[in-house]
Amino acid sequence: MRDLIIAGSGPAGLSAAVYASNAKLDFAVIEKLPMSGGQVLNSYDINNYLGFESADGFTLGQTFRKHAEKSGAGFINDEILSIKKIHGGFTLKCKKESYDTKTIIFATGSTPRKLGAKGEEKLIGKGVSYCATCDGNFFRNKPVAVVGGGDVALEDALYLANICSEVNLIHRRDKFRGAKYLQEKVIKNEKINILYNTEVDEIIGDNKVEKLKLKDGKELKADGVFIAVGNEANSALLGGIVETENGFIKADESCKTSCDGIFVAGDIRTKRLRQICTAVADGANAVKSVEDYFNSEG
């Protein structure tokens, strides 16, 4: 039985791995995806992480992974299917095998929320995307739309403006929620058309996206539509085990959940700001709480 298993290898999980190594805990990181980094990998330009004036998400994610590896972290590529409480800890049943651990840090992050428009499900992968940096190149020199008003939507619009013929940025409110510096860049970009107070009713196309029907009845030509309307916590495994709030795991900065021995870090927990820096901080706080947990038991 290990002291700790860290579920997830985004910034929060990798930060926790570095701190767990320094704490000399017997631990491992279980990652579902073949590459570490989490949603950071989908960001093409990061300029608000201290020490990096400008960095692409892929490079930053790989830098985090190398740091964790150099610290001594061990990685297991597997998918957790269920959690069972046992005497002295937990059993994590995974696709490949099961693992026993005294404590768990869940750093499984979140996934993009779907828009809920007609035609969206049918055209996923056929022009409907939730990752501009992943799929934007397929729409080089073509007209596209971005739906949303936060940081991700603004970043996506700016990225796509570099490669697409036209970007229509659709936002249901009369002002953006994203960072002011991003708003300024978007407003100044001549290739980005901003549609405030606008909602998508239907995404139309047979085998691929052809156009969008807006709720005011107007239609908009688009070969691709990139949806950035928030995220949902990857917390299904913890349903019924810990307290949640709108799907996110209830925990303060100690990262302690309502279940002894289970901690959370990063986007999965209730928090005011979901950024790389806050995820990294959570990883450190979660490991400190794990240490406190063992000390209180001893």
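Derivation of every value follows stated rules applied to the coordinates shown; laboratory data play no part. Since the model is a prediction, treat every value here as computed from it, not as a measurement. Neighbour counts run over all protein chains shown; Cβ positions are idealised from the backbone, glycine included.
Of note:
- Helix 276-297 axis, angle to the chain major axis (alpha carbon atoms, nearest 10°): 20
- In order along the stretch 55-66, the phi-based Karplus estimate (6.51 cos²θ - 1.76 cosθ + 1.60, θ = phi - 60°) of 3J(HN,Hα) comes to 8, 7, x, 4, 4, 5, x, 6, 5, 4, 4, 4 Hz; Gly and Pro are listed as x.
- Between 0 and 90°, nearest 10: helix 151-161 axis offset from the chain longest Cα axis: 50
- Straight-distance crosslink candidates among lysines, where the alpha carbon sits under 23 Å from K24 and sequence neighbours closer than 8 are dropped: K66, K70, K102, K256, K288
- Estimated from helices alone, the mean residue ellipticity of the chain at 222 nm is -7500 deg cm²/dmol (sum of -39500 (n - 2.57) over DSSP H runs with n ≥ 4, per residue).
- If you take all other residues with their beta carbon under 12 Å from the beta carbon of K218, and give Lys and Arg +1 and Asp and Glu -1, the sum is -1.
- Cα convex hull of the stretch 214-298, projected area averaged across orientations, nm²: 8.3
- The peptide list 165-175, 265-275, 131-141, put in order of mean Cβ contacts within 10 Å with the highest first, becomes 265-275, 165-175, 131-141.
- Set of lysines with alpha-carbon distance to K215 below 29 Å, sequence-local pairs under 8 removed: K114, K118, K122, K126, K142, K175, K180, K185, K188, K191
- The stretch 114-227 - convex hull of the alpha-carbon atoms, volume per residue in Å³: 86
- Relative to the compact-globule estimate of 2.2 N^0.38 Å, the Cα radius of gyration of the chain comes out at 1.08.
- Dipole moment magnitude, nearest 20 debye, the chain about Cα centre, only Lys, Arg, Asp, Glu C-beta charged: 340
- Pairwise Cα distances in the stretch 75-126 exceed 12 Å for 74 percent of all pairs.
- Cα centroid separation, the stretch 36-69 to the stretch 82-116 (Å): 25
- Nearest-20 debye value, the stretch 114-227 charge dipole, Cβ charges on Lys, Arg, Asp, Glu: 120
- Ranking of Y49, Y181 by neighbouring Cβ atoms within 10 Å, starting from the fewest: Y181, Y49.
- Spin-label model, E121/E210: points 7 Å from Cα along the beta carbon direction are separated by 2.2 nm.
- Across the alpha-carbon atoms of the stretch 229-277, the computed radius of gyration and Dmax are 10.3, 33 angstrom.
- Taking a sphere under 12 Å around the Cβ of L41 and counting the other residues whose Cβ falls inside, with K and R at +1 and D and E at -1, yields a net charge of 0.
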